[in-house]
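Q: What follows is a single structure, and I will ask about it in a moment.
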Amino acid sequence: AFAVNLLELLEHGKDLLGRRHDHLLELLSQYRLVILPCVNMDGRAISPDHLHGVSYEEFRRVSQGSWLDGSLIGWLGSKEYFPLPLTRAAYPGGYPNSEGFNIMHDACPGHIRTAEARAVLQLAERYAVDFLLNAHSCEGEPVLLPPSEFSYRSHVKRGLEICRTVNQALFDAGLRHTPPTEPVTGDSVNLNNLIPLASGGMALTLECSVWAGLPFEQLLDVNFLTLEKLLESGLQKPFVNRHAL
């Protein structure tokens with residue numbers, strides 16, 4: 001939804017709610033922007049338009065699927081298999097593609113399984129991206145996740161700075177209720193870890209609430225504000241120090 005609204009803003013000067021974002025448009029005019037409206041088309045095709053108002057159990061079923069016996073696959077269960085054994089699932093959920101692969105975790109160098117992950121990495125290389133915002137959905141409060149420690153030191157340091165800025169801005173705007181904690185590097189290995197190898201750039205993941213009670217307008221605001229703060233930060237200081245790589 002945010003990508004479509006962003007395209008509408010770029011084309012017509014207003015989002016689909018008719019709101020102007022003049023400061024963001026000015027920032028965007030100073031960047032080369034590549035927009036991928038949807039990476040997991042298979043998961044999107046079998047998912048409902050939105051999850052507002054559904055029960056927590058239905059939210060988990062739609063997101064991560066259910067086994068043949070009706071039990072929920074769950075967040076951990078959905079990451080236990082690569083690929084998900086589709087013959088054992090009554091419904092695979094929106095996480096995997098049609099082959100059962102979670103694209104975000106298709107991150108083994110030299111053995112990328114999915115066409116979707118290959119396409120993202122090829123685009124990153126083609127455009128030599130400095131920064132990739134990986135937009136995800138979550139059940140909790142919105143948060144820009146800190147970088148993995150498995151990256152260039154300069155990327156990790158800069159990524160932590162960006163997370164502080166964005167998450168504090170989300171709190172100050174009332175888009176999250178609890179103050180952000182000091183970001184600490186994670187130890188995950190996923191598609192974000194491969195962006196520095198493909199382009200020298202940095203990738204961070206925005207987890208945006210889709211179930212925790214924010215109305216549609218505020219869900220969009222989370223994304224618009226995140227992008228605005230990212231672009232402001234990039235003008236103040238480069239996302240990556242390529243001389244240090």
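Q: Counting only DSSP beta bridges with both residues in the chain, what percent are antiparallel, rounded to the nearest 5?
A: Among the beta bridges of the chain, antiparallel pairing accounts for roughly 35 percent.
Q: Moving to a separate point now. Is the C-alpha gyration tensor of segment 50-192 telling us rounded, prolate or oblate? Criteria: a/c under 1.5 is rounded; beyond that, a/b larger than b/c is prolate, otherwise oblate.
A: Here segment 50-192 falls in the oblate category.
Q: How charged is the neighbourhood of Pro196? Take every other residue with its Cβ under 14 Å from the Cβ of Pro196, and add Lys/Arg as +1 and Asp/Glu as -1.
A: +1
Q: Given a Förster distance of 45 Å, report the FRET efficiency between Asp69 and Thr181 from their Cβ-Cβ distance, rounded to the nearest 0.05.
A: Numbers: r = 38 Å, r/R0 = 0.85.
The value I calculate is 0.75.
Q: Can you work out the accessible area per residue across segment 138-215, with the rest of the protein chains kept in place, probe 1.4 Å, in square angstrom? Please report the intermediate quantities before stating the final value.
A: Numbers: 3480 Å² over 78 residues.
That works out to 45 Å² for each residue.
Q: May I ask you to derive the FRET efficiency for Ala244 and Lys79 from their Cβ-Cβ distance with R0 = 41 Å, giving the value to the nearest 0.05?
A: 0.80
Q: Taking 8 Å as the Cα distance limit and 6 or more residues as the minimum spacing, I'd like the relative contact order of the chain as a percentage.
A: 20
Q: Hey, which lysines would be in cross-link range of Lys229, C-alpha to C-alpha under 16 Å, not counting anything within fewer than 8 residues on its own chain?
A: The reachable lysines, counting only those whose Cα sits under 16 Å from Lys229, are Lys237.
Q: Oh, and also: What is the local net charge at Asp172, summed over the other residues whose Cβ is closer than 13 Å to its Cβ (Lys, Arg +1; Asp, Glu -1)?
A: Values: positive: Arg164, Arg176, Lys229; negative: Asp221, Glu228.
Once positives and negatives cancel, what remains is +1.
Q: Using a basic spin-label model with each label point 7 Å from the Cα along Cα→Cβ, how many nm lie between Met41 and Leu7?
A: Distance between the two pseudo-spin positions: 1.2 nm.
Q: If a helix is a whole DSSP H run, which ones in the chain reach 30 Å or further along their own axis (Cα) and hold a mean Kyte-Doolittle hydropathy of at least -0.5?
A: 216-236
Q: In whole percent, what relative contact order does segment 45-109 give with Cα contacts below 8 Å and a gap of six or more residues?
A: 30 percent.
Q: Leaving ligands, DNA and RNA out of it, rank Ile112, Ile46, Ile103 by accessible area with a 1.4 Å probe, largest first.
A: Details: Ile112 40, Ile46 80, Ile103 10 Å².
Listed by decreasing accessible area, they come as Ile46, Ile112, Ile103.
Q: I've got another one for you. Tally up the carbon and sulfur contribution to the accessible surface of segment 3-84 as a whole percent, 1.4 Å probe, everything protein left in place.
A: That share works out to 55 percent.
The values are calculated or read from the model by the stated rules, or taken from the named source; none is laboratory data. Note that this is a predicted model, so its numbers are computed, not measured. In this analysis, Cβ positions are derived from the backbone assuming ideal geometry, glycine residues included, and neighbour counts consider all displayed protein chains. Ligands, DNA and RNA are excluded from the accessible area calculation, which covers all protein heavy atoms including side chains. Shrake-Rupley method; radii C 1.70, N 1.55, O 1.52, S 1.80 Å.
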